[in-house]
């Protein structure tokens, strides 16, 4: 029976790597530990992705607010240097 690690056609056509033909036996406890560790890493990755998405959404929200505030400040700037807020020429 061929080893499942030889599934790649590029690898199986060439000489197999030395570890590809060696079978390893695990105890039930070792298997459970590996499965639990994999589950833990997957959970940590999922949480990291969620945090990254949350940070990106927060960044986009703050950026939008800053742009709106800048636009509001720009609109409040006097157009004729009279330095009055609101401007003495409201509809220019």
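The values are calculated or read from the model by the stated rules, or taken from the named source; none is laboratory data. Only a predicted model underlies this, so the values are computations on that prediction, with no experimental measurement involved. Cβ: placed from backbone, ideal geometry, glycine included. Neighbour counts: every protein chain shown.
Exactly one condition in (1) outside any helix (DSSP H, G or I); (2) modelled with pLDDT under 85 is not met by residue 26; state its number.
Just one mismatch for residue 26, condition (2).
Between a residue in region 19-46 that is free of Cβ contacts under 8 Å to residues at least 60 places away in the same chain and any residue that is surrounded by 10 or more Cβ atoms within 10 Å (Cβ to Cβ) and in a loop (DSSP other than H, G, I, E, B), which pairs come within a Cβ distance under 7 Å, given they are 6 or more apart or on different chains?
Between residues of region 19-46 that are free of Cβ contacts under 8 Å to residues at least 60 places away in the same chain and residues that are surrounded by 10 or more Cβ atoms within 10 Å (Cβ to Cβ) and in a loop (DSSP other than H, G, I, E, B), the close pairs are 20/3; 21/3.
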